[in-house]
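The structure appears right after this line, and notes come after that.
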Amino acid sequence: MLNYVSIKNFAKDNDLTVLVGEEYLDNKRIYVSDISRPGLELTGYFDYYPHERIQLFGMTEISFANQLTPDERLNVFTKMCTESTPVFLISRDLTPPKELIEAAEKNKMPVLISKLPTTRLSSVITDYLDYKLAERQSIHGVLVDIYGTGILLTGNSGIGKSETALELVQRGHRLIADDRVDVFQQDEKTIVGEAPSILKHLLEIRGIGIVDVMNLFGVGAVRQSTPISLIVNLENWDPKASYDRLGSADDYQTIFDVDVPKMTIPVKVGRNLSIIIEVAAMNFRAKNLGFDATKVFENQLTELIEQNKQDNQGDVN
Amino acid sequence: MEKRDYHITSETGIHARPATLLVQTASKFDAKSTLAYQGKSVDLKSIMGVMSLGVGQGSDVSVSVDGDDAAAALDAIDETMKKEGLV
């Protein structure tokens with residue numbers, strides 16, 4: 001399915017005023033996050049016109065257009081109104097030439113206007129569209145924010161992800177999503193997760209049913225979305241399996257193009273999972289801040305071994 | 001109780017990685033295993049204990065195993081020692 005944003009939502013979410021086309025805002029859709037500033041097109045060069053993009057008119061474009069003859073203006077603005085062009089957008093509350101309005105009305109092209117300066121508007125809209133148009137994937141798991149670190153709990157159904165999340169919330173951490181986490185890639189290094197809107201703030205606890213975390217624990221207990229820093233995979237304790245004992249294993253799970261660090265925690269009756277996960281989050285943070293307990297310990301061990309080796313050689317001589 | 005002595009020849013001694021493998025091997029058996037070095041002995045199933053000895057190249061250590069599957073455990077530990085190039 002191709003993601004899109006309707007012009008109606010686009011205008012509403014970005015505080016844009018509708019100048020033309022209130023009645024056909026639903027018919028036009030934005031499919032790409034790129035923005036075009038049609039400078040060369042105003043001169044009549046349409047060979048590479050990016051017709052599927054938002055056409056953004058700033059001071060440069062409007063003042064250049066004003067130097068053209070009315071016929072030239074009507075001609076270029078009409079040419080810009082292709083079937084797939086989503087919208088004309090004007091920045092800084094500039095007054096567009098009347099031929100722009102005329103061409104837009106004739107071709108049912110919405111025209112929106114913003115108070116923001118052009119560069120600012122362009123970056124706000126790019127961020128908004130990148131977020132809205134990003135490819136999404138659903139992952140079975142629970143997403144929590146522990147001390148500001150986004151932790152995705154995964155594992156088979158019934159292993160206790162939701163119960164662990166409940167305990168974490170009780171301990172002052174935040175729930176983002178339970179059961180289904182929708183993820184998208186924000187940039188080269190970041191995967192962001194959020195709840196599908198219907199599941200927002202809800203936890204399903206076996207035996208109790210659906211629990212509204214925001215209602216019971218307050219607004220401090222929930223968060224809308226968070227970058228996923230670490231995946232904690234819960235699995236049943238297998239006495240034959242060997243688990244990472246030193247914290248030196250480098251395991252990853254790839255989501256889209258990003259390798260997200262991953263650790264596996266065995267679940268056994270009597271192990272307090274929420275505290276273990278809390279510590280995992282703190283340890284992960286400490287590592288990112290440059291303090292890796294495993295590395296420090298290994299270096300000290302190397303020194304001790306070296307010392308004992310010297311002593312051994314001393315004994316021989 | 002079964003007991004075997006080793007002279008550690010590996011350059012890095014019993015560092016984190018070989019220690020982990022020795023502990024994993026010992027943990028597979030019910031028998032109680034102990035590693036002794038310079039008068040100190042630690043549980044061979046405890047990773048922090050094993051590493052705390054800081055066994056270096058040229059050290060003499062001994063492994064004692066006590067329990068029903070002691071013989072099998074000692075053989076497995078022996079095999080790990082050799083495979084990891086410790087002795």
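If a spin label sat at a point 7 angstrom from the Cα of A:Ser138 along the line to its beta carbon, the backbone N atoms of the range A:238-264 nearer than 19 Å would be those of A:255-256. In a fully extended conformation the segment linking A:Asn156 and A:Arg171 would gain 3.0 nm over its present Cα-Cα distance, using 0.36 nm per residue. The A and B chains share an interface that buries close to 1400 Å² of accessible area, total over both sides, probe 1.4 Å.
Between the listed residues B:Pro18, B:Tyr6, B:Gly67, the Cα displaced farthest toward the positive end of the dipole of chain B, a dipole computed from Cβ unit charges relative to the Cα centre, is found at B:Pro18. Cα centroid separation, the range A:173-197 to the range A:13-81: 35 Å. Within a straight-line Cα-Cα reach of under 24 Å, B:Lys32 can be paired with the following lysines, leaving aside sequence neighbours fewer than 8 residues apart in one chain: A:Lys240, A:Lys268, B:Lys3, B:Lys40, B:Lys45, B:Lys82, B:Lys83.
Sorting B:Met1, B:Met51, A:Met59 by solvent-accessible area of protein heavy atoms yields B:Met1, A:Met59, B:Met51, largest first, with a 1.4 Å probe. If you take the charge dipole of the range A:105-259 about its Cα centre, with +1 on Lys and Arg Cβ and -1 on Asp and Glu Cβ, which of A:Leu116, A:Gln224, A:Leu153 is farthest toward its positive end? Of the candidates, A:Leu116 comes out farthest on the positive side. Beta bridges assigned by DSSP with both partners in the protein assembly as shown are antiparallel in approximately 70 percent of cases.
Averaged per residue, the protein assembly as shown has 53 square angstrom of accessible surface, using a 1.4 angstrom probe with ligands and nucleic acids left out. Using Cα positions and a limit of under 28 Å, work out the lysines in reach of A:Lys108, with same-chain residues fewer than 8 apart set aside. Cα-Cα hits under 28 Å: A:Lys8, A:Lys12, A:Lys28, A:Lys79, A:Lys98, A:Lys132.
A dipole drawn for the protein assembly as shown from +1 and -1 charges on Cβ atoms has a positive end, and of A:Val279, A:Leu19, A:Tyr49 the residue lying farthest that way is A:Leu19.
For the range A:136-292, carbon and sulfur atoms together expose 49% of the accessible surface, with a 1.4 angstrom probe and every protein chain in place. Could you please state how large a percent of the accessible area of the range A:5-133 is carbon and sulfur, counting protein chains only and using a 1.4 Å probe? Within the range A:5-133, the accessible surface is 48 percent carbon and sulfur.
Counts of other chain beta carbons within 10 angstrom of each beta carbon in peptide B:8-21 average 3.
For the range A:136-292, the antiparallel share of DSSP beta bridges with both residues in that region comes to about 70%. Of all DSSP beta bridges located in the range A:115-225, what percent are antiparallel, nearest 5? Percentage antiparallel, nearest 5: 95.
Residues of the range A:288-317 that bury at least 30 Å² of accessible area when the other protein chains are present, relative to the chain alone (probe 1.4 Å, heavy atoms, ligands and nucleic acids excluded): A:Phe297, A:Leu301, A:Leu304, A:Ile305, A:Asn308, A:Lys309, A:Asn312.
What aspartates and glutamates does A:Lys189 reach when the alpha-carbon gap must be under 14 Å and sequence neighbours fewer than 8 apart in one chain are set aside? A:Lys189 reaches A:Asp257, A:Asp259.
The values are calculated or read from the model by the stated rules, or taken from the named source; none is laboratory data. Note that the structure is a prediction, hence the values are computed from the model and not measured. Positions of Cβ are generated from backbone atoms using ideal geometry, with glycine treated the same way; all protein chains shown enter the neighbour counts. All accessible areas refer to the heavy atoms of the entire protein, side chains included, with ligands and DNA or RNA removed. Shrake-Rupley method; radii C 1.70, N 1.55, O 1.52, S 1.80 Å.
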